[in-house]
Amino acid sequence: MAVSFYNFNELHNDEFKSKIKERINKIIDTNAFIEGEYNAAFEKDFGKLQKSKHALLLANGTDALEIALLAYGVGKGDTVVVPSISFFATAEAVYNVGAEVLFCDIDPATGLIDVESFKRVIKGKNVKAVMPVHIYGQPAPIAELEKVCDKENIKIVEDAAQAQGTFYAPNSPVGDSKNLVTFSFYPTKNLSAFGDAGGILTNDSNLAEKITSIRNHGRSPNGHALIGRNSRCDHIHAAVLHLKLEKIEQYNETRKKIAVKYHEAMSAVKGVRIVPDKFLNLSSWHLYPIGLKNSEEKYALKNHLQTKGIGSSLFYEKSLPELLPLQKCEGEKQKGIDFAANTLCLPMHPFLKDGDIKDVVSEVKSFLGR
Ligand SMILES: *Cc1c(COP(=O)(O)O)cnc(C)c1O
């Protein structure tokens, strides 16, 4: 039986389609194409859900990273620490504001930033900011990082593009922090628009005001007060996001139940790395990564699953320091290189049936033969 990696048909089912068409018709009828009532409604409700005072919608997740750095005053000549495992945009944002990347390594059990490596790489360097990534939906060790950063006066931008629904600790969702926390609402993320969208959460009202100005050409109530840019979120995307917000907790709960089933089955397979137990209740389960023996085994398993009609995906085929524009960056990287080499993501979306999970698990097990 085929098992798809994503499932947009059920996410955008007939009930959803009829509701969103009503909203889109209203947008057309009122000519409110940019920053309309759904933007305000989403910002209010999303902020509440993530326990953050301010939620600010933006055009995409990469803009969110760049604007967070700009809001902290990061720019030309500054150094920003980025973990060796993330999507390219995390490092790209650093260069797009004129700063440079210094790599620190990851915890090989999770792919999350390794605070000990961070401490080593910042020694003797004038580091302005660090961008921990809540990769696959797992919470990065923000509290430990804050202990170091508070002392060294280093700003933290949390890349939460994969973390709508992630908790640092029970009752403390991502966004319940003193840092700038950035999101992407790209169509494949847990919470997604009908195209590109992104956002930033902050509990700091001054930073919220600055970000609000930057996203709309530096406007303030009295005119253009600074050089900003255009990173407004279209009204249609906000209407979609606001409608999907109604179901995000339910969908994330379903992802967790699926993750638990995978977890129980996969923990019996020798030599396969799975997400640690401690994250079962904290992760948004954006993805379900497993670690194989090596890259040969990873590609062979991927091919095998494909012949059985089971989707799988490489997040990420290469670590950041291996990518051409980043090969000259200094820092620690070997654990990230190894992690990317052996990691494969299995199907994970809230519409997987028990039979789908059984099929995936039995194909993985029979292929690995252990
Ligand atoms: C998706 C993603 C981004 C980029 O978001 P866009 O909306 O595509 O610009 C950044 N960082 C991580 C970790 C992501 O997964």
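Results for (1) more than 30 Å from residue 226 (Cβ to Cβ); (2) free of Cβ contacts under 8 Å to residues at least 60 places away in the same chain, shown as yes or no for each residue.
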site: 69; (1), (2): no, no
site: 130; (1), (2): no, yes
site: 138; (1), (2): yes, no
site: 157; (1), (2): no, no
- Hey, residue 140 in contact with a His (Cβ under 7 Å, 6 or more places away or on another chain) and either under 22 Å from residue 178 (Cβ atoms) or among the hydrophobic types (A, V, I, L, M, F, W, C) (or both) or not: yes
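Quick check: is even one residue across the range 216-235 closer than 28 Å to residue 17 by Cα, more than 16 Å from the ligand (Cβ to nearest atom) and of a type outside the set (S, T, N, Q)? Explain how you work it out, then say what you get.
First pass over the range 216-235, keeping only residues closer than 28 Å to residue 17 by Cα: 231-235.
Now restrict to residues that are more than 16 Å from the ligand (Cβ to nearest atom): 235.
Restricting the remaining residues to those that are of a type outside the set (S, T, N, Q) gives 235.
Scanning the range 216-235 turns up at least one residue that is closer than 28 Å to residue 17 by Cα, more than 16 Å from the ligand (Cβ to nearest atom) and of a type outside the set (S, T, N, Q).
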- Kindly indicate which of 257, 178, 244 is surrounded by fewer than 17 Cβ atoms within 10 Å (Cβ to Cβ) and either within 19 Å of the chain's Cα centre (by Cα) or within 16 Å of the ligand (Cβ to nearest atom) (or both). 178
- Task: Taking residue 184 as meeting all but one of (1) in contact (Cβ under 8 Å) with a residue 12 or more places away in the chain; (2) more than 18 Å from residue 46 (Cα to Cα), write down the number of the exception.
- Result: (2)
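Could you tell me whether any residue of the range 125-134 is out of contact with any strand residue (DSSP E or B) (no Cβ under 7 Å at 6 or more places or on another chain) and within 24 Å of residue 279 (Cα to Cα)? Steps first, answer last, please.
Going through the range 125-134, the residues out of contact with any strand residue (DSSP E or B) (no Cβ under 7 Å at 6 or more places or on another chain) turn out to be none.
No.
Does residue 324 count as under 17 Å from the mean Cα position of the chain (by Cα) and free of Cβ contacts under 8 Å to residues at least 60 places away in the same chain? Write out each step before concluding.
Numbers: under 17 Å from the mean Cα position of the chain (by Cα): no; free of Cβ contacts under 8 Å to residues at least 60 places away in the same chain: yes.
The answer is no for residue 324.
With respect to residue 57, is the statement that it is within 16 Å of the ligand (Cβ to nearest atom) and either in contact with an Asp or Glu (Cβ under 7 Å, 6 or more places away or on another chain) or basic (Lys, Arg) (or both) true? Lay out the reasoning, then the answer.
Numbers: within 16 Å of the ligand (Cβ to nearest atom): yes; either in contact with an Asp or Glu (Cβ under 7 Å, 6 or more places away or on another chain) or basic (Lys, Arg) (or both): yes.
It is true that residue 57 is within 16 Å of the ligand (Cβ to nearest atom) and either in contact with an Asp or Glu (Cβ under 7 Å, 6 or more places away or on another chain) or basic (Lys, Arg) (or both).
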- Task: Looking at (1) out of contact with any Lys or Arg (no Cβ under 8 Å at 6 or more places or on another chain); (2) more than 19 Å from residue 334 (Cβ to Cβ); (3) basic (Lys, Arg), find the lone condition where residue 155 falls short.
- Result: (1)
- Query: Any idea which residue in the range 158-175 is surrounded by the most Cβ atoms within 10 Å (Cβ to Cβ), counting only those that are among the polar types (S, T, N, Q) and within 15 Å of the ligand (Cβ to nearest atom)?
  - Reply: 164
- Query: Which number in (1) touching a residue at least 12 places away in the same chain (Cβ under 8 Å); (2) more than 16 Å from the ligand (Cβ to nearest atom); (3) closer than 26 Å to residue 347 by Cα marks the one condition that residue 32 misses?
  - Reply: (3)
- Task: Would you check which residues across the range 138-154 are surrounded by fewer than 18 Cβ atoms within 10 Å (Cβ to Cβ) and assigned to a helix (DSSP H, G or I) and list them?
- Result: 143, 144, 146, 147, 148, 150, 151, 152
- Qualifying positions in the range 188-210 - away from the ligand (no atom under 15 Å from the Cβ), small (Gly, Ala, Ser) and buried (at least 18 other Cβ atoms within 10 Å of the Cβ): 208
- Message: Considering only residues that are closer than 20 Å to residue 169 by Cβ, of a type in the set (A, V, I, L, M) and out of contact with any Asp or Glu (no Cβ under 7 Å at 6 or more places or on another chain), which ones fall in the range 103-129?
- Response: 109, 112, 113
- Answer yes if at least one residue in the range 145-157 is charged (D, E, K, R), over 20 Å from residue 239 (Cα atoms), touching a Leu at 6+ places or on another chain (Cβ under 9 Å) and within 16 Å of the ligand (Cβ to nearest atom), and no otherwise. no
- Item | Matching residues in the range 111-137 - criterion: being crowded, with 20+ Cβ neighbours inside 10 Å and at positive phi | 111, 136, 137
- Message: Kindly evaluate residue 317 against the criterion of being surrounded by fewer than 16 Cβ atoms within 10 Å (Cβ to Cβ), under 20 Å from the mean Cα position of the chain (by Cα) and not hydrophobic (A, V, I, L, M, F, W, C).
- Response: yes
- Item | Breaking point among (1) more than 30 Å from residue 312 (Cβ to Cβ); (2) surrounded by 16 or more Cβ atoms within 10 Å (Cβ to Cβ); (3) of a type outside the set (S, T, N, Q), for residue 29 | (2)
- Message: Checking the structure you have, find out if any residue of the range 92-100 is closer than 22 Å to residue 329 by Cα, surrounded by 22 or more Cβ atoms within 10 Å (Cβ to Cβ) and within 16 Å of the ligand (Cβ to nearest atom).
- Response: yes
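Each reported figure results from applying straightforward, stated rules to the coordinates on display, with no laboratory input. Keep in mind it's a predicted model, so treat the numbers as computed, not measured. All Cβ positions, glycine included, derive from the backbone under ideal geometry; neighbour counts span all protein chains shown.
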